[in-house]
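The structure under discussion appears below in the form of structure tokens.
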Amino acid sequence: GENGGSANGDKVIKVGVFEPLTGENGGGGFQEVLGIRYANKVYPTVDINGETYKIELVEVDNKSDKTEAVSAAQSLIASGVKVVLGSYGSGVSIAAGDFFADAQIPAIGASCTNPQVTLGNDYYFRVCFLDPFQGTVMANYAYQEGAKTAAVITQLGDDYSSGLGSYFVDAFKSLAGENAIVSEEQFQTNQTDFKAILTNVKAANPDVIFAPSSIATAPLIIKQARELGITAKIMAGDTWENSSIIENAGEHAEGVVLSTFYDEADPATEEAASFVKGFKEYLKENNQSEIIPAVSALGYDAYLVALEAIKQAQSTDSVAIRDALAKVEIDGVTGHISFDENGDAKKDMAFIKVIKNGAFEFLKTVTVQ
Amino acid sequence: MQFGGVVAVDNLSLEVNENEIVSLIGPNGAGKTTAFNVITGVYAPTNGAVYFKDKMIACNYPKGPMKKIYAGQNYGKYTTTVKKTPDQITKLNVARTFQNIRLFKDLTAFENVLIAKHMRSKANWLSATLCLNYKEEQKMQKEALELLDILGLMDVKDEIASSLPYGQQRHLEIARALATEPELLLLDEPAAGMNPQETQELTEFIHDIRSKFNLTIFMIEHHMDLVMEISDRIYVLDFGKLIASGVPEEIQNNQQVIEAYLGVPDDDEE
Amino acid sequence: MTKNNLLTIENLSVSYGGIKAVKGISLTVPEGEIVTLIGANGAGKSTILRTIAGLVKPESGKISYRGEDITGIATNSIVEKGITLVPEGRRVFPDLTVLENLKIGAYLRKDNLQEDINRVYKLFPRLQERSWQLAGTLSGGEQQMLALGRALMSKPKLIMMDEPSLGLAPIVVNDIMKIITNINKEEGMTILLVEQNANLALRIAHRGYVCETGHITMEGTGTELLNDENVKAAYLGKSKKK
Amino acid sequence: MSLSTIFQHLLTGISLGGAYALIAIGYTMVYGILRLINFAHGDIFMMAGYFMIFAMVSLPWPIAIPLVCILTIVLGVLIERVAYKPLRSAPRMSIMISAIAISYLLQNLATYLFTALPRAFPEIPFLKKIFQIGNVSSSLVTFITPVLTIILVLGLMFLINNTKIGMAMRAVSKDFETAQLMGIKINNVISATFAIGSFLAAVGAILYFTDRMSVTPFSGMLPGLKCFVAAVLGGIGSIPGAMVGGFVIGLCETILVAMGYSTFSDAFTFTLLIIILLFRPTGLFGEKIIDKV
Amino acid sequence: MKTSKKVIYSLILAVITLAFLFLLESNKAKYGMAYTVLTKGIILAVVAVSMNLVTGFTGLFSLGQAGFMAIGAYVTAIFLIPMNSIEEVYYMSGVSPSILALKSWLETTPSWFQAMLPYIALIAGGLVAALFAALIGIPVLRLKSDYLAIATLGFSEIIRAIISSPQMDTITNGSYGLKKIQGFSSLIQVFLIAAVCIAFMILLIRSTYGRAFKAIREDEIAAEAMGINLFKHKSMSFIIGSFFAAVSGGMLAMFMRSIDAKTFTVSLTYDILLIVVIGGIGSVTGSILSSILVTVCKEWWLRFFDNPLYIGNFQVPLFRTGFRMVIFSVVLLLVVLFYQRGLMGRNEFSWDRLAKSINKLRSKSSSKGGSKIA
Ligand SMILES: Nc1ncnc2c1ncn2[C@@H]1O[C@H](COP(=O)(O)OP(=O)(O)OP(=O)(O)O)[C@@H](O)[C@H]1O
Ligand SMILES: Nc1ncnc2c1ncn2[C@@H]1O[C@H](COP(=O)(O)OP(=O)(O)OP(=O)(O)O)[C@@H](O)[C@H]1O
Ligand SMILES: [Mg+2]
Ligand SMILES: [Mg+2]
């Protein structure tokens, strides 16, 4: 029937991968997919009631576009997936969330940090921390490092960027005073010229610049800032932990600070240790740089969570899987994962990294209550 | 009327009486079409006025940069501005045809005529959409068909306008103009591109429609046979200036007109 | 006939989409003569000229120029061989000045143009007055003069004219007919003339063809046709309607 | 705002405007001749960026730059031959859709071949020399862009107004058929137009990306739209118009963003365009549409 | 063909369509993809026909559709976000009091009114857009061809910028967009709304006003000489077109359940233009046909190109993410190159035409093709 077997008689359970492979976030989405694929390679099957089911990934490209996301989500639902993983970029997850909920298919976000993804949606879970947390972490860090003033650069119309930016602003103001934010600049999607913004930032002369944005814009901001002679420390959120930024921005990227979910040098769990080894190989096979992006680790974890939930549920019924998910607890690559009533992972620790000698170097962990 | 420095029509005064056929002739570029364009509201005059049935339908005086370059006469005589758009003038029962045929090329002959009836329709867009003007629509179609019939276009009524032979296109243009229910019909070179035989037929045709529709006709034409035969009166324009006017015989023998326009009659008559 | 045939057309057929406009016509244009093609509207006269000029691809048939087959070759090569067309409806370049229009007429020539420009100005003094005006704002007659002048600029061997008298004042029509005769006589240019004004055309032409709904129905010398009763009835418009 | 900040903004604006002007000219020329809004032009510009990336992998810049120009010209002419030439007699809209299809194709092909991740644009050491005047700092390319733009435009104007091929272009732009009757090979003239447009796009791409340092498959979209607006603002079909339009848009955009209205920078660009069109319905330098009745 | 026969055929067709829709509706889970794609296709058909009305029938080259759709979508969305979700939706910057007032007033309306709310919301969206169109039209409709196109495109971008600006946060939720929008109850509902809209436009086109629009398209000067007031008729077409574009935008909002300003960029307008031209400029049936075909192709049929394809153990090269869109663009290009006037040209579907082409196929005469203008 529905859970049908493939030609050789194996039982199959389908897991949807809802990620952007093209469009603005295509780069990051791909890295998340790599983590998921690798997880699928490591754990290709699941046992339900004594029978072995093959886990088949069904990938769709949501093109980082909310309109596309709806039909991409529909195509996943139509293909009979029991659980969905993704997506990179909160906007598309928010757009698709209601459809998954209506179809009663649970979804597990890997790196979508915007609160709206899970809020009021019983079927959306996520394995990463949230933007309010991340914004606070970065504000704390900046303040501890002695910054008295900060400039914030965010992308208009991007839930992730403007959300994170405003959480940072709130947190930093409460630490350093109402006037501590000396410049708030916004740019448009696809904008490539940041000189005007940066000239203003330069004029405001902040101690740090917080610029959460996509991988595509990161090197532009970094390089153009340095070219204008801005020396302030540049900081950003999790998206910037991506080797392509170092490749593109070269020496200008030195000293950039960011928060992230995970640090490969400090495997938190057993799972993490084996993941680091195996995944580096896998990256090499796929002609990727060997720095493990945090989103890949999160993608891997999201898969593990789904797998565990299926095991717990002992059923291929998606509603049963959802109920199991709410109670799941595992030790993933990025640490211990369990969900609160919103479906958000209970995580209270972020990793702060700095770009040094062309690599991401672990600086410290920050915990906020 | 002038364009920048070019004075196209220079202090032209003329009148057309009811039920007359009046021709406007003159060398190329004399400003005949421009005069038509001023009458029908396509261009605003630079200085001067146009009256139709004693009502002013266009009036203007030099303004702005035109003040400096204005090169005509009667400066300061006109002080008001009346600017009616071409559609308003058509509503006042003045219709025209064009020197270069301007049919609705991709529509059928029938549609071409029907469109001209639109102006008189009383239905608003909503009632027209909801087919509440059913009666009126029927009437419009009937009248359009009648016109096509009178102009001998009945058997090509469903043909696309641009696929019609040239002569029929000219007829269709006249039919379309008649559909607007004009009192004054302006024809700009109706016989252009017609051979002498067809021109002759046109002569009779113009006579016919004048009496049938009780029209006043004002016409630009270069075919002298047609002009001389049909006109009650003729105006001759050269370099925008009126050089002669009168009945055909007078014009034919006017030395100035011969020099400027007609040329020494070769042995044109056979 | 002792003269060489400059242009020979054999069994030419042309259609637009499904509509056959020219249905297997043959005609010849001897060197140094004026040949005229008359006929009612839509008879296919313009189509014939356009096909010769390479603007329309024929369905079948053969066009040869000085014995060389030129059927279906590109327009610019045809112009290069010395055939030029004054298109129906003037078609001057509206955004170029009068002078530039004349210059572009000589696009394929590389020698000095001034002499020829002066020659055209002499033929049409009006153009000289307006040499800086954009051609698009000229009146109909002025444009026709320009189109003719422009064609002369390429110093063609064969000049084809499509209704040059269309919409012109009688005095200009006479002038143009005279000019046509002149360039034929004095410069030995061969002319293929399409005209509605059959009277005038036949008078100046050496030969004439009558074209009716895509067929050639009659041919002969100018005077022969002028005096032919059928032609008189159909095209000269003097005799009463049947 | 201090004087040096203002100066820095102006410099940025003029430099951006110069790059816009080069692209806008491509739009204007193609429009002038084919009445076609060449939606693919921005993407040709983007491809030129990728060509440069690959050329610089193994070649020094003095060889890479001419090579990129040639490749871009070939691409432009090829697109014309494949996608526009067969549609000469088709309705205008069809050609426009063909252009949109080509634009999609180039974007999707680039995504497919080079992924959506930004690629670092190679540094041309000579262009990247950093200049420091007082408090204002900028790389050499910022100064070179507007100067080069003006030189190229002057050259182009000379070509159009005073050479035979230029006159042929103007003739072809009005009437294909009659142009043919003058002995003009219209396909060659059109190809030449695309070649010039693509060449300018290539130069523009090198300058623009040198300044902005990375290329993605969608890098051409926004500049494409803005430059099209620039071309219309200046009066589409007019080359000096496109140049002025480019500079105006570049400056306005920079100033607006500088003043903190980046939300409205595009909106303002369009508002400016609409206002200008209201007073001059065919743009600043556009010829009046002659509609002789 | 006899009229009675045509009526019968049309009825049969309508019944088949409805039956098909019911089938889809009742097996929603099984045919999820067809369901979604069809819904989207039908919604796009409304805006495509409206664009055709303005561009294809009136000859006004307007590229403002996306902007009007955005207006429609936002107005509809504000009406259709349930009262209890509203705080959650505007979580960033709070709700404007006027919206709250509107929402609480709506709560007090009788239940039949609430049941009609989706329709009222769509019409309200349309009316707001129509008002905008009327205002925009005054300056813009004086412009010609491409200048008009770029000016309308500009307005559409301005509308979008205003919607997503921080100053509008409490109304449009700025750049975050709106969500939790009440969706359609069924595919049939979508179909019926679209059918009413399209039928209205068809009737308009066939009325005397429609003929006046066509006259303007063919030759403005001649149309004016026929007593047609250019400005009045152009505005009329523009306003009505915008109204239906906005209705379609509202339907899109109901379909997507969450919207943000980025959905309504220029590329959306290009996509619609593409649909209109592929279908045939000046053909309503062409627009309908092509919106469904294009949507189905792009989002469904071609999707397999995105996934690795195995034949036995051999992985067919080229098949990977992004390939679908490459193929889609190539298909587009081919369609434009080979159907220069679009699939339907300026023709409309009619039984006579169908009968004719069937006969032609049957006899398969040796003559090639025949004329385009049948
Ligand atoms: N829109 C315009 N801009 C500039 N000049 C114009 C314009 N329209 C007409 N002219 C000029 O005005 C003069 C008169 O033109 P008009 O068309 O009225 O002549 P006409 O008498 O109708 O000639 P024809 O018999 O050849 O049609 C011409 O010299 C023409 O160049
Ligand atoms: N581009 C075209 N497409 C379709 N049919 C055409 C086209 N051009 C001409 N025709 C048709 O071909 C036939 C011959 O036209 P052509 O222009 O050659 O006639 P003509 O003898 O020059 O007439 P006229 O005296 O009006 O100029 C006509 O029936 C015309 O409708
Ligand atoms: Mg005239
Ligand atoms: Mg002809």
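Side notes on the structure shown:
- Applying the set (1) within 16 Å of ligand 2 (Cβ to nearest atom); (2) touching a helix residue (DSSP H, G or I) at 6+ places or on another chain (Cβ under 9 Å); (3) open to solvent by 10 Å² or more (accessible area, probe 1.4 Å) to residue C:79 leaves exactly one unmet item: (1).
- Residues of region E:77-131 that are open to solvent by 30 Å² or more (accessible area, probe 1.4 Å) and under 23 Å from residue A:97 (Cβ atoms): E:79, E:82, E:83, E:84, E:87, E:88, E:91, E:92, E:93.
- The residues of region E:93-131 that are of a type in the set (Ser, Thr, Tyr) and either outside any helix (DSSP H, G or I) or closer than 21 Å to residue E:164 by Cα (or both), listed by number, are E:93, E:96, E:98, E:109.
- Take the conditions (1) within 16 Å of ligand 1 (Cβ to nearest atom); (2) more than 16 Å from residue C:83 (Cβ to Cβ); residue C:148 misses just one of them, which is (2).
- Qualifying residue in region D:72-84 (condition: in contact with an Asp or Glu (Cβ under 8 Å, 6 or more places away or on another chain) and under 29 Å from residue A:247 (Cβ atoms)): no
- Checked against (1) farther than 20 Å from residue C:44 by Cα; (2) more than 16 Å from ligand 3 (Cβ to nearest atom); (3) touching a Lys or Arg at 6+ places or on another chain (Cβ under 7 Å), residue C:215 passes all but a single condition, namely (1).
- Residue selected from region B:237-264 under the condition surrounded by 12 or more Cβ atoms within 10 Å (Cβ to Cβ) and facing chain C (nearest Cβ under 9 Å), by the criterion modelled with the lowest pLDDT: B:263
- Every condition in (1) open to solvent by 10 Å² or more (accessible area, probe 1.4 Å); (2) at pLDDT 90 or above is met by residue C:15 except one, and the failing one is (2).
- Filtered by the rule that a residue be assigned to a helix (DSSP H, G or I) and within 16 Å of ligand 1 (Cβ to nearest atom), region C:170-223 gives C:170, C:171, C:172, C:173, C:174, C:175, C:176.
- Residue tally, condition crowded, with 17+ Cβ neighbours inside 10 Å and either in contact with a helix residue (DSSP H, G or I) (Cβ under 7 Å, 6 or more places away or on another chain) or at the interface with another protein chain (Cβ under 7 Å from one of its Cβ atoms) (or both), over region B:119-141: 9
- Whichever residue in region C:27-55 is more than 17 Å from residue C:5 (Cβ to Cβ) and open to solvent by 20 Å² or more (accessible area, probe 1.4 Å) and, among such residues, is farthest from ligand 4 (Cβ to nearest atom): C:55
- On the stretch given as region E:211-266, residues that are more than 23 Å from residue E:143 (Cβ to Cβ) and away from chain B (no Cβ under 14 Å) total 17.
- Note on region D:121-189: enclosed helices (runs of 4 or more DSSP H) holding 1 or more residues that are of a type in the set (A, V, I, L, M, F, W, C) and over 20 Å from residue C:146 (Cβ atoms) are D:140-162, D:164-174.
- First in region B:30-55 and under 15 Å from residue B:237 (Cβ atoms) and near ligand 1 (Cβ under 10 Å from one of its atoms), second anywhere and outside any helix (DSSP H, G or I) and basic (Lys, Arg), Cβ under 7 Å, 6 or more apart: B:36/B:96
- Hey, residue B:189 within 14 Å of chain C (Cβ to nearest Cβ) and open to solvent by less than 10 Å² (accessible area, probe 1.4 Å) or not: yes
- Selection from region C:89-116 of residues that are assigned to a loop (DSSP other than H, G, I, E, B) and within 18 Å of residue D:172 (Cα to Cα): C:89, C:90, C:91, C:92, C:93, C:94, C:95, C:96, C:106, C:107, C:108, C:109
- Of residues in region C:147-169 being of a type in the set (A, V, I, L, M) and in a loop (DSSP other than H, G, I, E, B), the one farthest from ligand 3 (Cβ to nearest atom): C:153
- Residue in region D:16-34 that is closer than 26 Å to residue D:190 by Cα and in contact with a strand residue (DSSP E or B) (Cβ under 9 Å, 6 or more places away or on another chain) present: no
This table checks each residue for (1) under 18 Å from residue D:30 (Cα atoms); (2) in contact (Cβ under 8 Å) with a residue 40 or more places away in the chain.
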| position | (1), (2) |
| --- | --- |
| D:123 | no, yes |
| D:143 | no, yes |
| D:168 | yes, no |
| D:194 | yes, yes |
| D:206 | no, yes |
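- You will find that of D:73, D:63, D:14, the residue that is modelled with pLDDT of 95 or more, more than 27 Å from residue E:63 (Cα to Cα) and either in a helix (DSSP H, G or I) or open to solvent by less than 10 Å² (accessible area, probe 1.4 Å) (or both) is D:73 and no other.
- Of the helices (runs of 4 or more DSSP H) entirely within region A:252-369, those holding at least 2 residues that are farther than 30 Å from residue A:102 by Cα, in contact (Cβ under 8 Å) with a residue 24 or more places away in the chain and small (Gly, Ala, Ser) occupy A:270-285.
- Elements of type helices (runs of 4 or more DSSP H) contained in region B:4-118, each with 3 or more residues being out of contact with any strand residue (DSSP E or B) (no Cβ under 8 Å at 6 or more places or on another chain), open to solvent by 10 Å² or more (accessible area, probe 1.4 Å) and closer than 30 Å to residue C:173 by Cβ: none
- Among the residues of region B:204-236, those that are within 14 Å of another protein chain (Cβ to nearest Cβ), within 17 Å of the chain's Cα centre (by Cα) and farther than 20 Å from residue B:147 by Cβ comprise B:220, B:221, B:222, B:223, B:226, B:227, B:234, B:236.
- Any hit, region C:226-235, residues being open to solvent by less than 10 Å² (accessible area, probe 1.4 Å) and in contact with an Asp or Glu (Cβ under 8 Å, 6 or more places away or on another chain): no
Matching residues to (1) of a type in the set (A, V, I, L, M, F, W, C); (2) closer than 23 Å to residue A:228 by Cβ; (3) at pLDDT 90 or above; (4) out of contact with any Lys or Arg (no Cβ under 7 Å at 6 or more places or on another chain):
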{"residue": "D:253", "(1), (2), (3), (4)": "no, yes, no, yes"}
{"residue": "D:260", "(1), (2), (3), (4)": "no, yes, no, yes"}
{"residue": "D:270", "(1), (2), (3), (4)": "yes, no, no, yes"}
{"residue": "D:280", "(1), (2), (3), (4)": "no, no, no, yes"}
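- In the set C:160, C:153, only one residue is open to solvent by less than 10 Å² (accessible area, probe 1.4 Å), within 16 Å of ligand 4 (Cβ to nearest atom) and either touching a helix residue (DSSP H, G or I) at 6+ places or on another chain (Cβ under 7 Å) or not aromatic (Phe, Trp, Tyr) (or both); that residue is C:160.
- Selection from region E:176-194 of residues that are open to solvent by 10 Å² or more (accessible area, probe 1.4 Å) and either within 9 Å of chain D (Cβ to nearest Cβ) or of a type outside the set (Gly, Ala, Ser) (or both): E:176, E:179, E:180, E:182, E:184, E:188, E:189, E:191, E:192, E:193
The values are calculated or read from the model by the stated rules, or taken from the named source; none is laboratory data. It should be emphasised that the depicted structure is a prediction, and the values quoted were computed from it without experimental measurement. Because the Cβ atoms are built from the backbone with ideal geometry, glycine has one as well, and the counts that use them run over all protein chains shown. In case anyone asks, the SASA skips ligands and DNA or RNA and just uses the protein heavy atoms, side chains included. Shrake-Rupley method; radii C 1.70, N 1.55, O 1.52, S 1.80 Å.
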